[in-house]
Amino acid sequence: MHAFHRLYQQRKSISTKAYKSRGWKVKRCEFCRLAEEFCICELRQQCNSNCSFLLLMSDDEVLKPSNTGRLIADVIPDTHAFIWHRTEVNDDLLSLLQDDKYQPFLVFPSEYASEQQRVYNQQPDVLEHSKIPLFILIDATWRQAKRIFRKSEYLAQLPIVSIESVLAESATECSNPVNNSAEQVHQKQHRTALNYDSRYQLRKAEKPGQLGTAEVAAKVLQLFGENESATLLDLWFDVFSFRYQQAVKQTNKANPRAVENFQRFINERTLK
Ligand SMILES: [Zn+2]
């Protein structure tokens, strides 16, 4: 069980009615939230990352089977998850932001930064010695995310890693030469992502270029030089996306080799 699983259990326990999204009658795995016969839990692998994530989730996002923020918690061991509330702030959330162990960054479009808010467009060289970067991702619809940002004073103090720069960085990464390793094959497939097209086919994008939360996290990891963690998370996202679409029996736009690619990457990683 990780932070998201605990948050989900807690949220579900106070639900008075079932969350009726599409396919709400389907019997789902309690952990990956896919229909039981498409469960991916057996495949799950964590990585050794020096980064941490904090998911600040809207109340309904926690219950949505199509949520991808939780994929971050699957892969990155030090991931925290909280539900955002308009009127109260979770004490554990505040103490994390103040913890000396961490250097927090909010991942958000820079155009929303206030005047006193520092904006980073690349990996900051001011990363304080031995501090762990803690990336805060608002996991919600875009409309909700803007509101959460506006109404949370504790976020207005934090430096911003701009989403635009995260995307731009991934575009240059994709132009690397290609050999046959799973990682490179993966990058080759992503050349088409130069225009920031999301592989997130599970929901309609609210605006062009909008990425799933896990996709954004993978790009942040890449920006901070953690290519292996980034690739693992990206491949895991593909596995989830493929199985999810298989389960709902919609036209599957995900990579049909997602599971194979993921396993190949894991095997190559263990051989190193
Ligand atoms: Zn499962």
### Query
Which shape class, rounded, prolate or oblate, goes with region 220-272 when its Cα gyration tensor gives a ≥ b ≥ c as root eigenvalues, a/c under 1.5 marks rounded, and past that a/b bigger than b/c marks prolate?
oblate
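So, R0 is 30 Å and r is the distance between the beta-carbons of ASN121 and GLN98; what FRET efficiency does that work out to, to 0.05? Each step should come with its number before you reach the end.
Numbers: r = 26 Å, r/R0 = 0.85.
Rounded to the nearest 0.05, the efficiency is 0.70.
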### Query
How many nm separate the modelled label positions at GLN263 and GLU88, each set 7 Å beyond the Cα in the direction of the Cβ?
4.7 nm
### Task
Please label the shape of region 1-134 as rounded, prolate or oblate, based on the square roots a ≥ b ≥ c of the eigenvalues of the alpha-carbon gyration tensor (a/c under 1.5 means rounded; beyond that, a/b larger than b/c means prolate, else oblate).
prolate
### Query
What distance in nm separates the simple spin-label points at ARG147 and GLN46, each placed 7 Å from Cα in the Cβ direction?
3.4 nm
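Working out 0.36 nm times the residue gap between THR16 and GLU164, then minus their Cα-Cα distance, what length gain in nm do you get to one decimal?
Numbers: separation 148, 0.36 × 148 = 53.28 nm, distance 3.94 nm.
Contour length minus the Cα-Cα distance gives 49.3 nm.
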#### Entry: Cα→Cβ-extended label distance, 7 Å offset, between ARG6 and ASP60, nm
2.7 nm
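Coordinate-derived values only; no laboratory data. Nothing here was measured: the structure is a model prediction, and the numbers come from that model. Cβ coordinates were reconstructed from backbone atoms using ideal geometry, including for glycine residues, and neighbour counts include every protein chain displayed.
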